[in-house]
Amino acid sequence: MAGLHVRSLLVTGANRGLGLGLVQHFLRMPNPPQWIFATCRDPKGQRAQELQNLASKHPNIIIIALEVSDPTSIKAAAAKVGEHLGGSGLNLLINNAGIAKPNSLDNETPENMIQVYTTNTVGPLLMGQAFLPLLKKAAQGSPGSGLSCSKAAIINMSSYAGSIEDMYVWDFGQVVSYRCSKAALNMLSRCQSLAYKEHGILCVALHPGWVQTDMGSTGSFKPPLTVDDSVQGMLKVLSSISEKETGAFLDWEGKVVPW
Ligand code: NDP
């Protein structure tokens, strides 16, 4: 992680699972960020208790309410983050929040398709738009012409389940709305990488592995990876990627995932 020096970052869905794991690992870095904007939809609720406890011990954690399916909530969060940062920018935006509905092709519904797409795909689109000024500011304030996660980056938490070429674990779960939303998120990541490159912002889609979280553990199999394994791997990847990787679909070990 020696190559990762992030002054400020924001994680969506930071109250549990991989989002909380990311916050914990950034705190443990030898050079922790000055600001960690840990966002969740219900900061005062029971599901945010662990994050609240962590924030009470670490003043660099700022908890902000953010519902990624609500454009008004996204805009309000961007304004709050901007206030905290004063004149400086945001280095790293991690679009981690996501949902899955375990339906088969036969049972898939319009409601599921729309809800999952709104959260997993439209959310990251609007987040990128709302936080673009702060990401640009971070890139402008960093020396050098290359791209890196220490400078300015958008990380979209995707899934191998969104790979059209591979159709990963189809026999274990069709999860059609989820697969479609992540395939679309991959396309969004590619579009963001092309549009935001000129502003000095790196963009990737990242598969965290199959991880022991509430989402990862919904089936009858125990996922092979702990949150710590996955997050450690992802942070190593984030510390090493540059302009060569912008627009790529990578996994937690840095391997390229087929589109
Ligand atoms: P969890 O179900 O454990 O956590 C999901 C997080 O997203 C929670 O913090 C949840 O908040 C938040 N969230 C859901 N909907 C919204 C919303 N509308 N607005 C704001 N926050 C929301 O999932 P994981 O930690 O496992 O997954 C994190 C990401 O990694 C997801 O994008 C997922 O698709 C991806 N992923 C996970 C894999 C795995 O094996 N675990 C495999 C591949 C990809 P709340 O507590 O309020 O519900």
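The values are calculated or read from the model by the stated rules, or taken from the named source; none is laboratory data. Because the structure is a prediction, the values reported are computed rather than measured. All Cβ positions, glycine included, derive from the backbone under ideal geometry; neighbour counts span all protein chains shown. Surface areas here come from the heavy atoms of the whole protein model, side chains and all, with no ligands, DNA or RNA. Shrake-Rupley method; radii C 1.70, N 1.55, O 1.52, S 1.80 Å.
Could you provide, to the nearest whole Å², the per residue accessible area of the chain with probe 1.4 Å?
Value for the chain: 46 Å² per residue.
With a 1.4 Å probe and all protein chains left in place, how much of the accessible area of the range 8-251 comes from carbon and sulfur atoms, in whole percent? Could you put the intermediate results ahead of the total?
Details: 5900 of 10820 Å².
So the carbon and sulfur contribution to the accessible surface is 54 percent.
Identify, among VAL237, ALA195, PRO224, the residue whose Cα sits farthest towards the positive end of the charge dipole of the range 137-259, taking +1 on the Cβ of Lys and Arg and -1 on the Cβ of Asp and Glu, with the dipole about the Cα centre.
Of the candidates, ALA195 comes out farthest on the positive side.
Identify, among GLY162, VAL23, HIS5, the residue whose Cα sits farthest towards the positive end of the charge dipole of the chain, taking +1 on the Cβ of Lys and Arg and -1 on the Cβ of Asp and Glu, with the dipole about the Cα centre.
So the residue we want is HIS5.
Working out 0.36 nm times the residue gap between GLU243 and THR226, then minus their Cα-Cα distance, what length gain in nm do you get to one decimal?
Between GLU243 and THR226, full extension yields an extra 3.2 nm.
Given H placed on each backbone N at 1.01 Å, which residues far from TYR168 in sequence or on other chains put an amide H within less than 5 Å of it?
For TYR168, whose amide H was placed from the backbone, the distant partners under 5 Å are SER163.
Between HIS207 and residues 5 or more places away or on another chain, which pairs have amide H atoms under 5 Å apart, with H built 1.01 Å from N, and which residues are they?
Residues meeting the criterion, in which the H sits 1.01 Å from N, are SER158, LEU250, ASP251, TRP252.
Given a cut-off of 15 Å, what percent of all Cα-Cα pairs of the range 106-167 lie beyond it?
Here the long-distance tail beyond 15 Å is 66 percent of all Cα pairs in the range 106-167.
Along the range 48-61, what does the Karplus equation 6.51 cos²θ - 1.76 cosθ + 1.60 (θ = phi - 60°) give for ³J(HN,Hα), rounded to whole Hz, x for Gly and Pro?
9, 4, 5, 5, 4, 4, 5, 5, 5, 9, 10, x, 7, 8
Counting only pairs 8 or more residues apart or on different chains, how many lysine pairs in the range 142-259 have their Cα atoms under 21 Å apart? Intermediate results must be reported in sequence, preceding the final value.
Working: LYS151/LYS197; LYS151/LYS236; LYS151/LYS244; LYS182/LYS255; LYS197/LYS244; LYS236/LYS244; LYS236/LYS255; LYS244/LYS255.
Counting lysine pairs in the range 142-259 gives 8.
Find the percent of Cα-Cα distances in the range 78-183 that exceed 21 Å, and round it to a whole number.
47
Please state the charge dipole magnitude for the range 147-206, taken about the Cα centre, from unit charges on C-beta atoms (+1 on K and R, -1 on D and E), reported in debye and rounded to the nearest 20. Present the calculation step by step, with values, prior to reporting the outcome.
Working: 5 positive and 4 negative charges, 48 e Å.
That gives a dipole near 220 debye.
Once fully extended, how much extra length lies between SER145 and PHE172, figured as 0.36 nm per residue of separation less the alpha-carbon to alpha-carbon distance? Numbers along the way, then the final one.
Numbers: separation 27, 0.36 × 27 = 9.72 nm, distance 4.47 nm.
In short, 5.3 nm is gained.
Any number yet on Rg/Rh for the range 8-251, C-alpha, Kirkwood? Intermediate values should be presented prior to the final figure.
Values: Rg = 17.0 Å, Rh = 18.0 Å.
Reported Rg/Rh (Cα atoms, Kirkwood Rh): 0.94.
Suppose every K and R has +1 on its Cβ and every D and E has -1 on its Cβ; what is the size of the dipole of the range 8-251 about the Cα centre, in Debye to the nearest 20?
The dipole of the range 8-251 has a size of about 720 debye.
For the pair GLN34 and SER217, what calculated FRET efficiency results from E = 1/(1 + (r/R0)^6), where r is the Cβ-Cβ distance and R0 = 45 Å, to the nearest 0.05?
Computed FRET efficiency for SER217 and GLN34 comes out at 0.85.
Could you give me the ³J(HN,Hα) list for the range 82-89, computed from phi with Karplus coefficients 6.51, -1.76, 1.60 and θ = phi - 60°, whole Hz, x at Gly and Pro?
x, 4, 4, 6, x, x, 8, x
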